[in-house]
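What follows is a short report on a single structure.
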Amino acid sequence: MKGEAEKPTTGAVVDLGGGVRRILAPNPGAMTHWGTNTYLLGTDPVVVVDPGPDSAAHKSAILAAVGTAQVLAVAVTHAHLDHSALAPALARDLGAPVMGFGPAVAGRSDRMQRLSKTVDLGGGEGVDHGFDPDVTLADGDVLSVGGARVTALHTPGHFAGHLSFCLNDVVLTGDVVMGWSTTLISPPDGDLRAFLQSAGRLRALGARRFLPGHGGPVDHPTGRLDGLIAHRFERARQVLGALDRGAARPAQVARLVYRDLDPALLPAATRNVLAHLLDLWDRGHARPGDGPLATALWSKHAKTRKCK
């Protein structure tokens, strides 16, 4: 099955091949595209990945698809409500444990932990603060699904505790890599440096296909990752270029960089800009003025070097 150009039917079970089925949740939106993709790995036993939003209709669709099969786990790529909110109720109905990297703040880098404790970074959009898996999955942990092995990969960037799940030459990438859009990187949960590291790691896998948390399959993973990495480097140059005009707040930089953006998406764009500014600060290219970093006046560092 190739990448889709049209929205699939909400609640319908789609066989993607290779022991993977997909059910689309009824939560379309600017940040979720057609809605959240819930994946079923295996037929009996089954692992449910990303149960999605707290929706009775979606829970019914998942239960109907699972039928009488044994469910080994309800696994969650990351603790955003559009991926994790249904997990506790669904797990109870299925008699299976919820699995994930850890509570919502797990996996943050030392720098993000320090910044979140000492300054106001804002953020926290859509975080499932009550998420607490029954079983934590570390990088490299393996779930056996029938005769197949599902490997958990820690892939932070969009979210500190983000997991991807590798099944043979297919990777469920959650929100860290999607085909229809770049990912939101909103500190302290999002981290630009971590995203670039995760992108490089996923590229090295040589996977045949990515199955993202939103949107259709990505059938050319290497090319997509190369484009996403190049996009982030270009965005960094654009942010520095905006600061060439003088000190500016993240929202002002976002307006300069994202010229044709729907105004409704400007808050998300501002969070992406903040992620770039924090990375540029860490590398000595930019620095903030006083006050909360999310609204501070940022300026180009006087000794900045060419950004690479």
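Any residue at all in segment 259-282 that is within 17 Å of ARG193 (Cα to Cα), basic (Lys, Arg), free of Cβ contacts under 8 Å to residues at least 60 places away in the same chain and open to solvent by 30 Å² or more (accessible area, probe 1.4 Å)? The answer is no; no qualifying residue exists.
When segment 54-85 is filtered for residues that are assigned to a loop (DSSP other than H, G, I, E, B), open to solvent by 10 Å² or more (accessible area, probe 1.4 Å) and among the hydrophobic types (A, V, I, L, M, F, W, C), the ones remaining, listed by number, are ALA69, ALA85.
For every residue, the table says whether it meets (1) at positive phi; (2) among the hydrophobic types (A, V, I, L, M, F, W, C).
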{"position": "ALA12", "(1), (2)": "no, yes"}
{"position": "GLY17", "(1), (2)": "yes, no"}
{"position": "VAL20", "(1), (2)": "no, yes"}
{"position": "ASN27", "(1), (2)": "no, no"}
{"position": "TRP34", "(1), (2)": "no, yes"}
{"position": "THR43", "(1), (2)": "no, no"}
{"position": "SER55", "(1), (2)": "no, no"}
{"position": "ILE62", "(1), (2)": "no, yes"}
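From MET1, MET31, grab the single residue that is modelled with pLDDT under 95, among the hydrophobic types (A, V, I, L, M, F, W, C), within 22 Å of LEU167 (Cα to Cα) and open to solvent by 30 Å² or more (accessible area, probe 1.4 Å). Answer to the selection: MET1. Just one residue in the set ASP189, ASP139, ASP175 is under 30 Å from ARG283 (Cα atoms), open to solvent by 50 Å² or more (accessible area, probe 1.4 Å), modelled with pLDDT of 95 or more and in contact with a His (Cβ under 9 Å, 6 or more places away or on another chain); that residue is ASP139. Kindly indicate whether LEU256 is assigned to a helix (DSSP H, G or I), touching a strand residue (DSSP E or B) at 6+ places or on another chain (Cβ under 9 Å), open to solvent by 20 Å² or more (accessible area, probe 1.4 Å) and free of Cβ contacts under 8 Å to residues at least 60 places away in the same chain. For LEU256, the condition - assigned to a helix (DSSP H, G or I), touching a strand residue (DSSP E or B) at 6+ places or on another chain (Cβ under 9 Å), open to solvent by 20 Å² or more (accessible area, probe 1.4 Å) and free of Cβ contacts under 8 Å to residues at least 60 places away in the same chain - is met.
Identification of strands (runs of 3 or more DSSP E) wholly contained in segment 86-165 with 2 or more residues that are touching a residue at least 60 places away in the same chain (Cβ under 8 Å) yields 142-145, 148-154.
The values are calculated or read from the model by the stated rules, or taken from the named source; none is laboratory data. Not measured: the values here are computed from a predicted model. Glycine gets a Cβ as well: all are built from the backbone with ideal geometry, and neighbour counts include every protein chain shown. When the accessible area is computed, the model is the full protein with side chains, heavy atoms only, and any ligands, DNA or RNA have been set aside. Shrake-Rupley method; radii C 1.70, N 1.55, O 1.52, S 1.80 Å.
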